[in-house]
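The next block holds one structure in the form of structure tokens; read it before the comments.
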Amino acid sequence: MRETIFALSTGAPPAGVAVIRISGPRVQSALSTLTGNVPPARMARLCKIIGADGAVLDQGLALFFPGPHSFTGEDVAELQIHGSRASINAVLLALSALEGLREAEPGEFTRRAFENGRMDLTAVEGLADLIRAETEAQRKQALGQSDGNLKSLYGNWAKRLTHARAMIEAELDFSDEEDVPGSVTDRIWPDLASLIKEIEAHLSKAKAAEIVREGFRIALIGPPNAGKSSLLNCLAQRDVAIVSETPGTTRDVVEVRLDIGGYLVLLQDTAGLRETEDAVEQEGIRRSMASADQADLVLELVEPGASSSSELPLRNREALLTIRTKIDLAGDEFPEAASSELAVSSKTGFGIDALLGEIFNRLSKLDSEGGSGLPTRSRHVLLLDRCLSDLRMSLREDELPIEVRSELLRSAATHIGRITGAVDVEDLLDVIFSEFCVGK
């Protein structure tokens with residue numbers, strides 16, 4: 001018999017309420033032992049929780065969710081008790097003393113849900129992202145994925161590939177049957193060509209999904225004393241970086257996480273760019289350029305009267321945006337400088353709203369679908385790229401025999417199945433016999 005697991009499912013105590021979850025074949029036995037009986041399915045019942053010595057451990061609510069219609073697909077129970085450390089520890093200790101019960105390992109409830117077919121791998125990943133979500137955009141994207149948006153999309157693609165293979169196999173193996181189509185070319189290849197375009201369009205949005213999930217990286221670069229640390233502190237609304245007139249104060253990348261318009265932004269202060277013989281400062285400058293190369297947006301900060309550098313060795317110069325800093329020190333040139341380019345003052349706050357607006361405009365263009373139905377992980381992209389490669393190869397009808405093309409479609413479907421964790425080649429036969437009445 002499979003072990004029954006239990007764990008605290010809410011945050012660290014103390015708290016107003018703590019939820020202890022139990023899953024497995026001995027759930028009903030555990031409920032009967034600790035609370036006296038099993039409550040009606042999906043109905044909360046107020047009860048006393050009794051220890052092995054007959055002492056009352058706590059009073060709370062007990063709920064029972066019979067499998068397979070539960071989170072894990074097994075019998076599941078929840079004990080909602082007071083959230084003190086003492087109450088939680090007492091109930092956990094009482095559960096551990098019961099035969100066949102043990103504490104769950106990290107992620108074990110979700111793993112059982114996957115193993116019992118309650119969730120696919122993309123939903124599991126979405127749930128993990130939802131738990132860690134910091135911003136509104138992350139919440140929306142993770143919620144859509146955990147609700148099965150990717151599963152539905154990829155499942156549809158896999159079904160189309162399976163159908164295409166079924167048509168090919170039917171023509172090859174049952175061509176003498178009257179109800180089997182005589183040619184598959186007119187039926188399946190146009191749809192597969194359309195499928196290639198759908199997957200390509202899907203993959204084109206992978207970068208947007210990655211940015212929503214991982215954060216939009218902004219690197220502040222420029223010469224020493226250009227106001228990088230001051231701007232970082234101003235945008236973060238707290239003292240994160242040391243501000244000093246001494247050149248070379250910032251030696252390493254300083255990062256702060258911000259929520260701008262519901263998006264996670266990773267704002268990075270970097271070492272000032274200049275010629276130096278100091279080995280430590282040289283390393284800091286190297287890291288500055290590395291951060292700029294990896295950033296989604298590079299803000300080059302330039303003091304009043306100074307000129308921007310057009311020779312920065314950046315791979316993506318379209319990500320570069322020049323910001324005129326310390327505009328409050330521009331004197332008589334202040335109105336002209338402020339109107340001719342994006343200018344800010346970390347001291348007075350001038351131009352900060354305009355800068356935030358520019359950042360938000362770039363963020364809002366990332367995801368026109370509101371965060372739903374996008375490939376959010378590198379493994380999704382890798383497997384979809386492999387699927388595309390097989391599909392493109394399969395359409396080379398002048399070079400490959402039909403048997404090889406069928407095998408390429410099988411490989412393409414396998415790559416999609418590996419994304420969701422639902423690889424199953426046996427359903428191919430079900431499609432053949434259900435559609436063509438073979439063996440009537």
Inset, instruction - Could you rank SER204, SER96, SER411, SER23 by how accessible they are, 1.4 Å probe, largest area first? - result: SER204, SER96, SER411, SER23
Legend entry - Nearby lysines by direct alpha-carbon distance to LYS140 (threshold 30 angstrom, same-chain neighbours under 8 apart not counted): LYS151, LYS159, LYS197, LYS205, LYS207, LYS365
Inset, instruction - For an R0 of 22 angstrom, estimate the FRET efficiency from the Cβ-Cβ distance between GLU358 and ARG287 and round to the nearest 0.05. - result: 0.30
Legend entry - Nearby lysines by direct alpha-carbon distance to LYS326 (threshold 23 angstrom, same-chain neighbours under 8 apart not counted): LYS228, LYS347
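At a 1.4 Å probe radius, which order do TYR154, TYR263 fall into by accessible area, largest first?
Solvent-accessible surface, decreasing: TYR263, TYR154.
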Legend entry - LEU329/LEU172 FRET efficiency (R0 56 Å; Cβ-Cβ; nearest 0.05): 0.10
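Quick check: net charge around ASP129, other residues with Cβ under 14 Å of its Cβ, Lys/Arg +1 and Asp/Glu -1?
Numbers: positive: ARG132, ARG139, LYS140, ARG213, ARG377, ARG379; negative: GLU125, GLU134, GLU136, ASP147, GLU210, GLU214.
Around ASP129, the surrounding residues sum to 0.
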Inset, instruction - Quick one: grab Rg to one decimal and Dmax as a whole number for segment 124-163, Cα atoms only, in Å. - result: 12.4, 41
Legend entry - Net lengthening on full extension, SER84/GLU99 (0.36 nm per residue, minus Cα-Cα): 2.8 nm
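At 0.36 nm per residue, and after removing the present C-alpha to C-alpha distance, how many nm does the segment from HIS69 to ASP147 gain when stretched out fully? Kindly include the intermediate steps, with their values, before the conclusion.
Numbers: separation 78, 0.36 × 78 = 28.08 nm, distance 1.60 nm.
Once the chain is fully extended between HIS69 and ASP147, it gains 26.5 nm.
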Legend entry - Descending Cα extents along the principal axes, segment 52-135, whole Å: 45, 32, 21
Legend entry - Calculated FRET efficiency for the pair ILE50/GLN294, C-beta based, R₀ 60 Å, to 0.05: 0.55
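Across segment 1-76, how large is the tail of the calculated P(r) beyond 18 Å, expressed as a percent of all Cα pairs?
Working: 1173 of 2850 pairs.
Result: 41 percent of Cα pairs exceed 18 Å.
How about segment 30-107: which trypsin sites (Lys or Arg not before Pro) there lie in a loop by DSSP and see at most 15 other Cβ atoms within 10 Å? Don't skip to the end; give the middle numbers.
Working: sites: ARG42, ARG45, LYS48, ARG85, ARG102; in loops: ARG42.
Passing both the DSSP loop test and the Cβ count: ARG42.
The values are calculated or read from the model by the stated rules, or taken from the named source; none is laboratory data. Just so we're clear, the structure is a prediction, and the values are computed from it rather than from any experiment. All Cβ positions, glycine included, derive from the backbone under ideal geometry; neighbour counts span all protein chains shown. Note: areas computed on protein heavy atoms with side chains; ligands, DNA, RNA excluded. Shrake-Rupley method; radii C 1.70, N 1.55, O 1.52, S 1.80 Å.
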